[in-house]
Amino acid sequence: MMNQRRTLLKGTLAAGAAGIAASVGLLTPKAVLAAWPKAAFESKSVDAALSAALGSSSTSESGKIKLKAPDIAENGAVVPITVTSGISGTESISVLVAKNNQPLAANFKLGGDTEGYVSTRIKMGKTSDVVAVVKAGGKLFSTKKQVKVTIGGCGG
Amino acid sequence: MAKSIKIRAKVKKGVATVKCLINHPMETGLRKDKKTGKKIPAKFIQEVNAEHNGKNVMTAQWSGAISKNPFVAFKFKGANSGDTIKISWVDNKGDSDSAEAKIK
Amino acid sequence: MKKIITALSAVLIATTPMVSQATPDDDLKAFRDYFVKKFPNVPMHDFINGVYAIDPASREQWEAFEEFPSYEIFVDKGEEEFHKKFANGKSLADCFPNYKKGIRQNYPYFDSNTGKVVTLEGAINKCRTDNGEKPYKWKKGKITYVSGYLAYLSRGHKINVKVPDDERAMAAYTRGKKHFYAKRGQLNMACADCHYYYAGSKIRADILSPALGHVTGFPVYRNKWAGKSKTGDGMGTLHRRYGGCNKQVRAKPFKAQSDEYRALEYFHTYMSNGLEVNGPSQRK
């Protein structure tokens, strides 16, 4: 990724994917340069991931964030979750699975008119807290819910 | 990799709800092929961008921990019926795709 | 006294479906009565949703998936495949001229000419071989995309399997019925043990689905099968599931589209007559 960034800054279109993507207008240059936060996604703990992704691991619990997730996941590979943030000025919503080897699953950066709402499906290695972190007004707020991951009885 | 993105976008009282289903293996790179015993190489979407009438409304940064054939839904204000929503993705291998849909 | 006898015979019919004089419709009525009694809070039309009709917690998760289910990717693939031209210029669409009006609900049917039970998958592959094409594999992949597409177009139609006045048809139906209630495998269990007598009970962390409405959602997309597939293709046919269930009780599975499974499908689907097609559906 770093090589591609340097190449773009030099003004030449690299043979790299980001270069090609930018040249066919798939990504704005801004998006291309907003490099994928590798350090955050490869962090082994929730705190380390938050520091790397959002600059701080200091969050305050907020009842204004609703995290909808099943009590018992039907299948740990596809766990549907929805985060709704009632905190005004929500700029981003991050989703972490505390007991995954690499807890950070997603960062959703929201535009000015975009509501504090995201829904997706995540992989969970085992029973764990799912943590939703909202960045608003420079501060971090969070909520969490434990989701149980079990082994079923009927295969086939 | 054409047509990997399905979009359903509706607007109600100025708020658009956009749902996307993307056909992508989202391999973490940690799974082993049961037959060969070798690790299946990582191939997962790293970034998804959503544009409303050309303006970015959401950027999602993902790891391989997002499920296969990923789903994402989000909402934004200021939308009208007939507006265009464009969804594009880029994965760690540099593959990409994009699709547009009209908001109903 | 008459009331007691009637009540007693109703109970007997409900609990011992092997009454030899019963017609398929007698069986159907007894089957429905049994499940309505077992699950009094489930409206009849909801049985098509299997486990999700009887377990609110997993229903919520399932409804989240149904917002934009993964099987839609494969229905799209099915549409493409259905209209793709064979070497001879024809396509599957030519074999199923009424496909837009919904056809899934009429399968399986008994073909008086061949004396065999014809399943939708069987008809799809017959079309291919009749036109000089190789048949699809029976349990997963393209066959499921095409039957999924056809099921999708048939949604809402009521299952309408017929057992014509032909002793061969009745024989196939009866073979299927016997299979459903027969014990098999090292674990010595019948389909009926899990899905009739113990429907709604737990088997480790799973809840056993009722056999009423069992087949309306096929081919199914199973999260479990998707997990095994590199491309996240969780689609599978009814016979794929039959094989899996047989393995579960440590019985040797029959081949997909074998006489045994087709007979079983014939009986199994008849028991869902009157319920709406809702395939393809998402399951665990």
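Legend: ranking of residues C:203, B:87 from fewest to most surrounding C-beta atoms inside 10 Å; resulting order C:203, B:87.
Please determine, in degrees from 0 to 90 and to the nearest 10, the orientation of helix C:259-270 with respect to the longest principal axis defined by the Cα atoms of chain C, where the helix direction is its Cα long axis. It works out to around 70 degrees. For chain C, C:191, C:194, C:245 have no disulfide-compatible partner, since no other Cys C-beta lies under 4.7 Å from theirs. When the pairs B:19/C:77; A:148/B:32; A:68/A:148 are compared against a 18 Å limit on Cα-Cα distance, B:19/C:77; A:148/B:32 fall above it. Starting from the Cα of residue C:205, step 7 Å along the direction of its Cβ; do the same at residue C:182; then give the gap between the two resulting points in nm. Here the modelled spin labels are 3.5 nm apart. Counting other beta carbons within 10 Å of each residue's own, what order do C:36, C:161 fall into, fewest first? Arranged by neighbour count, lowest to highest, C:36, C:161 become C:36, C:161.
Size descriptors for the protein assembly as shown, from the alpha-carbon set: Rg then Dmax equal 26.0, 98 Å.
Express the relative contact order of chain B as a whole percentage, based on alpha carbon pairs under 8 Å and six or more residues apart in sequence. Show your work: numbers first, answer last.
Details: 254 pairs, mean separation 36.3, N = 104.
Reported relative contact order: 35 percent.
Applying 1/(1 + (r/R0)^6) with R0 = 25 Å to the Cβ-Cβ distance of residue B:32 and residue A:44 gives a FRET efficiency near 0.75.
Taking Cα atoms, how many degrees apart are the long axis of helix C:71-83 and the longest axis of chain C, rounded to 10 and kept between 0 and 90? Taking the Cα atoms of chain C, the angle to C:71-83 is about 60 degrees. Using the Stokes-Einstein relation with a Kirkwood hydrodynamic radius computed over Cα pairs, the translational diffusion coefficient of the range A:44-149 at 10 °C and a viscosity of 1.306 mPa s comes to 117 µm²/s. Our coupling estimate for the range B:59-66, obtained by passing each phi through the Karplus curve with A = 6.51, B = -1.76, C = 1.60 and θ = phi - 60°, is 10, 10, 10, 10, 10, x, 7, 7 Hz, Gly and Pro reported as x. Per residue of peptide C:66-75, the mean number of Cβ atoms on other chains within 10 Å of the residue Cβ is 5.
Whole number please: convex hull volume per residue, Cα atoms of the range B:5-102, in Å³.
On the way: hull volume 8.3 nm³, N = 98.
In the range B:5-102, the Cα hull volume divided by residue count equals 85 Å³.
Among the trypsin sites (Lys or Arg not before Pro) in the range C:49-132, those placed in a DSSP loop whose Cβ has at most 14 other Cβ atoms within 10 Å are C:84, C:85. Listed values for the range A:115-131 are Karplus-derived 3J(HN,Hα) couplings in whole Hz (6.51 cos²θ - 1.76 cosθ + 1.60, θ = phi - 60°), namely 7, x, 8, 9, 9, 7, 10, 10, 9, 10, x, 6, 3, 6, 6, 9, 10, and x replaces Gly and Pro.
Residues in the range A:82-98 carry Karplus couplings, in order, of 9, 10, 10, 10, x, 8, 5, x, 4, 9, 8, 10, 10, 10, 10, 10, 3 Hz; the curve used is 6.51 cos²θ - 1.76 cosθ + 1.60 with θ = phi - 60°, and Gly or Pro positions show x. Here chain C yields Rg over Rh of 0.97, to two decimals, using C-alpha coordinates and the Kirkwood radius. Legend: calculated FRET efficiency, residue A:139 to residue C:57, from the Cβ-Cβ distance at R0 = 41 Å, rounded to 0.05, equals 0.75.
Spatial offset of the range B:48-71 relative to the range A:129-145 amounts to 19 Å, using the alpha carbon center of each.
Going by how many other beta carbons lie within 10 Å of each one, how would you line up B:89, A:36, C:138, fewest first?
So the ranking, lowest neighbour count to highest, is A:36, C:138, B:89.
Other residues lying with their Cβ under 14 Å from the Cβ of residue A:96 contribute a combined charge of +3, Lys and Arg counting +1, Asp and Glu -1. Report, in degrees rounded to the nearest 10, the 0 to 90 angle that the Cα long axis of helix C:142-153 makes with the longest principal axis of chain C. Helix C:142-153 sits at roughly 70 degrees to that axis.
Since every read-out is calculated from the coordinates, none of them should be taken as a lab result. Small disclaimer: the values here were computed from a predicted structure and weren't measured. Don't worry about glycine lacking a Cβ; one is built from the backbone with ideal geometry, like all the others, and counts go over all protein chains shown.
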